[in-house]
Amino acid sequence: MENFPVIDLSKLDGEERKPTMEKIEDACENWGFFELVNHGISHDLLDTVERHTKEHYRKCMDQRFKEMVASKGLEAVQSEISDLDWESTFFLRHLPDSNMAEIPDLEEDYRLHLHFLFSIFLRDFKVYVWKLMKEFALELEKLAEQLLDLLCENLGLEKGYLKRAFYGSKGPNFGTKVSNYPPCPKPDLIKGLRAHTDAGGIILLFQDDKVSGLQLFKDGQWIDVPPMKHSIVINLGDQLEVITNGKYKSVLHRVIAQKAGTRMSIASFYNPGSDAVIYPAPELVEKEAEESQIYPKFVFEDYMKLYAGLKFQAKEPRFEAMKA
């Protein structure tokens, strides 16, 4: 099996730009996933976000997850569970508007961290946390838009085409799913997260570098996505498959539960705006034959409504349904 693609973004500025762009092209066409190093996001920022995320889970969510497991009798299951994921999550919305003020537990959680800031007021600490996550989100947003332009370059599309395709009337949707995957007593019977493709555009994942579990499906087998410190894992969603008319494809992936260690996952989704109209880029459709446009035209919000009930099923019927 060929090695999982790792892209060094720092090489885009030198003589190695062409082979680096070729590696990105190959990863998009043949993997749907790649891992970025030297991506420009501060390691100190990543370390701080990781520390607070893990502490938030330990202080605020771990006990609730254990209570949920006990209430459902999951520790004693004897057969495979096919409709439940072994994960603890919450969501942060960044664009077009933020929901940070609405997230439960953040204030109580970060009250527990006051000793790091030497007894400053709780209000000031909460502002600090919001600024931290806002800075993290802004860095990822900038990276997502840089990557979309690199994809445009490889696809032969005008610079900014993909960003405009995602824009809608209020700009893109951008949000973060913060997940933790605690130790599981029956990892052979319960998935951390069931196999699926992502519905949206481009996904940027900051994952645990010590506890593995993420896998993608390629050439008939499940392949581990290697945990690497300070890297950002990129994967392509269904909308990029549609816009590229299938040149790039979203790929099935899953999370395997582990018996030891809690895996952290911070996945940020740069998606089209709710009213963005998604369709194959005309430049990527054979002009001689209309049937070469094999993907539908639809409003992103309509696709998301369909996806909500069919996330863990094959993507092809979703595309067919949108044609109707």
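The values are calculated or read from the model by the stated rules, or taken from the named source; none is laboratory data. Keep in mind the model is a prediction, meaning the values are calculated, not measured. Please note: Cβ atoms are built from the backbone with ideal geometry, for glycine as well, and neighbour counts cover all protein chains shown. Ligands, DNA and RNA are excluded from the accessible area calculation, which covers all protein heavy atoms including side chains. Shrake-Rupley method; radii C 1.70, N 1.55, O 1.52, S 1.80 Å.
Taken as a whole, the structure leaves LEU46 outside the set of residues that are of a type in the set (A, V, I, L, M), in contact (Cβ under 8 Å) with a residue 40 or more places away in the chain and either open to solvent by 20 Å² or more (accessible area, probe 1.4 Å) or assigned to a strand (DSSP E or B) (or both). For beta carbons closer than 6 Å, sequence separation of 6+ or different chains, a first residue in the range 7-32 that is open to solvent by 30 Å² or more (accessible area, probe 1.4 Å) and a second that is among the β-branched types (Val, Ile, Thr), the qualifying pairs are ASP8/VAL37; LYS11/THR20; LYS23/ILE7.
Of all residues in the range 242-260, those that are part of a strand (DSSP E or B) have Cβ atoms under 7 Å from Cβ atoms of residues that are basic (Lys, Arg), 6 or more apart or on another chain, in ARG254/LYS191; ARG254/ARG194; VAL255/LYS191. Selection of the range 288-309 for residues being at pLDDT below 95, surrounded by 10 or more Cβ atoms within 10 Å (Cβ to Cβ) and in a helix (DSSP H, G or I) yields only SER292. Name, by its number, the condition in (1) at pLDDT below 60; (2) assigned to a helix (DSSP H, G or I); (3) over 30 Å from GLN146 (Cα atoms) that does not hold for LYS66. Here LYS66 clears every test but (1). Free of Cβ contacts under 8 Å to residues at least 40 places away in the same chain and not basic (Lys, Arg): does that describe PRO227? Here the answer is yes, as PRO227 does meet what is asked. Considering only residues that are surrounded by 12 or more Cβ atoms within 10 Å (Cβ to Cβ) and among the acidic types (Asp, Glu), which ones fall in the range 49-74? Passing the criteria: GLU50, GLU55, ASP62.
Scanning the range 164-216 for residues that are small (Gly, Ala, Ser) and more than 18 Å from LYS249 (Cβ to Cβ) yields GLY168, SER169, GLY171, GLY175, SER179, GLY192, SER212, GLY213.
Just a yes or no: is a residue in the range 180-188 touching a strand residue (DSSP E or B) at 6+ places or on another chain (Cβ under 7 Å), of a type in the set (Ser, Thr, Tyr) and assigned to a loop (DSSP other than H, G, I, E, B)? Scanning the range 180-188, I find no residue that is touching a strand residue (DSSP E or B) at 6+ places or on another chain (Cβ under 7 Å), of a type in the set (Ser, Thr, Tyr) and assigned to a loop (DSSP other than H, G, I, E, B), so the answer is no.
Annotation: of all residues in the range 272-287 being of a type in the set (Asp, Glu) and in a loop (DSSP other than H, G, I, E, B), the one that is farthest from the chain's Cα centre (by Cα) is GLU286. Residue check: ILE24 meets all listed conditions (1) part of a loop (DSSP other than H, G, I, E, B); (2) within 16 Å of CYS152 (Cα to Cα) but one, namely (1). The condition (being in contact with a Leu (Cβ under 7 Å, 6 or more places away or on another chain), modelled with pLDDT of 95 or more and surrounded by fewer than 17 Cβ atoms within 10 Å (Cβ to Cβ)) is satisfied by just one residue among PHE206, PHE217, PHE174: PHE217. Among the residues of the range 34-53, are any within 21 Å of PRO187 (Cα to Cα), at pLDDT 90 or above, touching a strand residue (DSSP E or B) at 6+ places or on another chain (Cβ under 6 Å) and not aliphatic (A, V, I, L, M)? No, there is no match, as no residue in the range 34-53 is within 21 Å of PRO187 (Cα to Cα), at pLDDT 90 or above, touching a strand residue (DSSP E or B) at 6+ places or on another chain (Cβ under 6 Å) and not aliphatic (A, V, I, L, M). Taking the criterion of being within 14 Å of the chain's Cα centre (by Cα), crowded, with 20+ Cβ neighbours inside 10 Å and not hydrophobic (A, V, I, L, M, F, W, C), the residues of the range 238-271 that qualify are ASP238, GLN239, SER250, HIS253, SER265, SER268, TYR270, ASN271. Taken as a whole, the structure places ASN154 among residues that are open to solvent by 10 Å² or more (accessible area, probe 1.4 Å) and in a helix (DSSP H, G or I). The condition (being in contact with a strand residue (DSSP E or B) (Cβ under 9 Å, 6 or more places away or on another chain) and exposed (fewer than 15 other Cβ atoms within 10 Å of the Cβ)) is satisfied by just one residue among SER82, SER88: SER82. Checked against (1) crowded, with 20+ Cβ neighbours inside 10 Å; (2) at pLDDT below 90; (3) not in a helix (DSSP H, G or I), TYR110 passes all but condition (3).
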